[in-house]
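Novice: Sending over a structure as structure tokens; questions will come in a sec.
The values are calculated or read from the model by the stated rules, or taken from the named source; none is laboratory data. This is a predicted model, so every value here is computed, not measured. Here the Cβ is made from the backbone with ideal geometry for all residues, glycine too, and neighbour counts use every protein chain on show. Note: areas computed on protein heavy atoms with side chains; ligands, DNA, RNA excluded. Shrake-Rupley method; radii C 1.70, N 1.55, O 1.52, S 1.80 Å.
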Amino acid sequence: MNKAMIIKNISNQYDVLFEDGSIHSCIAMGKVRQDKKPLVGDHVLIEKFDSQYGIQKILERKNMLLRPAIANVDQALIVMSARCPDFSCVLIDRLIFLISLAGIEPVLCVTKMDLIQPDDPIYEAISDYEKSGYRVYQTGTDFDETKIIECFENKITVLTGQSGAGKSSLLNRINPDFELNTQITSKALGRGKHTTRHCQLFPIGNGWVADTPGFSSLDFSRVNLLELAHSIPDFQVHEDCRFRDCVHLDEPNCVIKEYVERGQISQIRYQNYKDIARMIKQNKKGY
Ligand SMILES: Nc1nc2c(ncn2[C@@H]2O[C@H](COP(=O)(O)OP(=O)(O)OP(=O)(O)O)[C@@H](O)[C@H]2O)c(=O)[nH]1
Ligand SMILES: [Mg+2]
Ligand SMILES: [Zn+2]
């Protein structure tokens with residue numbers, strides 16, 4: 001059997017990269033599909049039957065994201081446009097929460113910065129993220145992409161963000177050979193929103209980057225609040241709350257709340273966390 005990595009998936013059709021660098025098209029065998037669906041990023045074992053390659057086994061996953069569905073990710077680049085669609089800290093923070101919960105490092109990339117004035121409040125929002133310890137890249141038409149290109153080195157990166165944020169355009173600017181469909185090309189083809197329809201890994205230098213379709217909603221219904229509270233990067237401080245199971249809401253002697261009050265943790269992030277925590281609690285009541 002051959003070891004390989006899945007780099008593209010459309011329904012039950014997979015493109016896999018063999019260790020010798022060759023790329024083959026294959027299908028998932030029935031017993032694999034029954035167990036769990038193979039994802040882009042999965043390391044798999046491949047067997048050849050006649051002229052057809054089949055995925056026989058999915059090797060252990062380091063981590064996986066649900067939206068987009070991808071496995072073994074080193075970092076997730078949250079692609080957020082400054083305009084069209086509107087910049088949203090609520091959406092960025094919700095993505096930060098889900099990505100951190102999956103054990104993946106969130107990185108922020110603000111696109112379409114060519115569309116805003118130098119006094120735009122977005123710059124303040126960006127420095128709030130930087131102050132909180134996040135890496136933030138800014139890009140736009142005719143911007144220098146050197147730093148973004150460097151961030152892909154030796155890593156598997158997934159681009160995530162709402163439809164129209166400019167994920168595919170960014171990759172096309174970095175490497176025009178990708179020739180990814182974007183909303184400009186799809187307008188010409190008469191298609192509506194959601195230009196990218198599947199998840200695919202592309203080689204960039206010594207790394208791989210996944211272009212993925214945008215989404216319209218995020219699902220927190222199955223999130224465990226305590227796990228979330230303890231995976232948010234902003235809340236990783238060197239002191240402990242009075243209670244080990246503190247979710248930093250109404251508990252007494254909560255270190256996180258003290259940090260927020262002193263301005264050492266972003267109040268925006270804490271507020272967005274409180275809103276999500278309420279949503280999670282309300283959902284739980286429903287069970
Ligand atoms: N001005 C400006 N426009 C941009 C920039 N990046 C992307 N756009 C435009 O934004 C629109 C959406 O870009 P796409 O790259 O298709 O967005 P996407 O995130 O891949 O969208 P989906 O595939 O549907 O999820 C296109 O019309 C792009 O031309 C930018 O940096 N500056
Ligand atoms: Mg796209
Ligand atoms: Zn606490």
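Novice: Step through the residues of segment 118-130 one at a time and calculate ³J(HN,Hα) from phi using the Karplus curve (6.51 cos²θ - 1.76 cosθ + 1.60, θ = phi - 60°), rounding each to whole Hz and writing x for Gly and Pro.
Specialist: x, 9, 5, x, 4, 4, 5, 4, 4, 6, 4, 5, 5
Novice: Turning to a different aspect of this structure: Helix 267-285 versus the longest principal axis of the chain: what is the Cα-based angle in degrees, 0 to 90, to the nearest 10?
Specialist: 70 degrees
Novice: Checking a compactness column here: for the chain, what do you get for Rg(Cα) / (2.2 N^0.38 Å), N being the number of residues? Working shown, then result.
Specialist: Numbers: Rg = 20.5 Å, N = 287, 2.2 N^0.38 = 18.9 Å.
Relative to the rule-of-thumb radius for its length, the chain sits at 1.08.
Novice: Could you state the number of Å between the C-alpha centres of segment 1-45 and segment 201-246?
Specialist: A separation of 26 Å, based on Cα centres.
Novice: Another question, if that's okay. Give me the percent of the accessible area of segment 49-178 that comes from carbon and sulfur atoms, probe 1.4 Å, all protein chains in place.
Specialist: Working: 2830 of 5770 Å².
Answer for segment 49-178: carbon and sulfur cover 49 percent of the accessible area.
Novice: If I build a Gaussian network model for the chain, linking alpha-carbon pairs within less than 10 angstrom, which residue out of 133, 161, 41 has the largest mean-square fluctuation?
Specialist: 133
Novice: Quick check: from the Cα gyration tensor, does segment 73-211 come out rounded (a/c under 1.5), prolate or oblate? Please list the in-between numbers first.
Specialist: Details: a/c = 1.43, a/b = 1.12, b/c = 1.28.
The shape class here is rounded.
Novice: Report the Cα centroid-to-centroid distance between segment 127-156 and segment 51-74 in angstrom, as an integer.
Specialist: Between the Cα centre of segment 127-156 and that of segment 51-74, the gap is 26 Å.
Novice: Starting from the Cα-Cα distance between residue 177 and residue 224, subtract it from 0.36 nm times their residue separation and give me the gain in nm to one decimal. Write down the numbers at each step before the final one.
Specialist: Details: separation 47, 0.36 × 47 = 16.92 nm, distance 4.19 nm.
12.7 nm is the gain from fully extending residue 177 to residue 224.
Novice: Counting only helical runs of four or more DSSP H residues, what would the 222 nm mean residue ellipticity of the chain come to if each run contributes -39,500 (n - 2.57) and the total is spread over all its residues? Mind showing how you got there, number by number?
Specialist: Details: 9 runs with 80 residues, N = 287.
Per the formula, -8000 deg cm²/dmol.
Novice: Counting DSSP beta bridges in the chain, what percent are antiparallel, to the nearest 5?
Specialist: Values: 29 of 49 bridges.
In the chain, DSSP labels about 60 percent of beta bridges as antiparallel.
Novice: Here's another thing I want to ask about it. Students often forget the sequence filter, so: which lysines lie under 18 Å Cα-Cα from residue 8 once same-chain residues fewer than 8 apart are removed?
Specialist: The qualifying lysines are 36, 37, 57, 155, 167.
Novice: Calculate how many DSSP beta bridges within segment 73-211 are antiparallel, expressed in % of all such bridges and rounded to the nearest 5. It would help to have the intermediate numbers written out before the result.
Specialist: Working: 5 of 22 bridges.
Expressed as a percentage, antiparallel bridges in segment 73-211 total about 25.
Novice: To continue, here is another question. Using a basic spin-label model with each label point 7 Å from the Cα along Cα→Cβ, how many nm lie between residue 120 and residue 22?
Specialist: With each label placed 7 Å out from Cα toward Cβ, I get 4.8 nm.
Novice: Moving to a separate point now. Might you tell me the accessible area per residue for segment 88-213, computed with a 1.4 Å probe and given in Å²?
Specialist: Values: 5950 Å² over 126 residues.
Value for segment 88-213: 47 Å² per residue.
Novice: Calculate, for residue 132 and residue 63, the FRET efficiency according to 1/(1 + (r/R0)^6) with r their C-beta to C-beta distance and R0 22 Å; round to the nearest 0.05.
Specialist: On the way: r = 22 Å, r/R0 = 1.00.
Calculated value: 0.50.
Novice: Also, quick follow-up: Which of the aspartates and glutamates could a cross-linker span from residue 31 if the Cα-Cα distance has to be under 18 Å and same-chain partners fewer than 8 positions apart are dropped?
Specialist: 42, 47, 60
Novice: For residue 88 and residue 154, calculate 0.36 nm times their separation in residues minus their Cα-Cα distance, and state this gained length in nm to one decimal. Don't skip to the end; give the middle numbers.
Specialist: Working: separation 66, 0.36 × 66 = 23.76 nm, distance 2.99 nm.
So the chain would gain 20.8 nm between residue 88 and residue 154.
Novice: Rounded to a whole number, what % of the accessible area of segment 225-285 do carbon and sulfur atoms account for, probe 1.4 Å?
Specialist: Numbers: 1700 of 3750 Å².
That share works out to 45 percent.
Novice: What GluC sites (Glu not before Pro) in segment 15-73 are in a loop by DSSP, with at most 10 other Cβ atoms within 10 Å of the Cβ? It would help to have the intermediate numbers written out before the result.
Specialist: Numbers: sites: 19, 47, 60; in loops: 19, 60.
Those that pass, being in a loop and sparsely packed, are 19, 60.
Novice: I want to verify a result. In a Gaussian network model of the chain, Cα cutoff 10 Å, which of these has the top mean-square fluctuation: 245, 234, 20?
Specialist: 20
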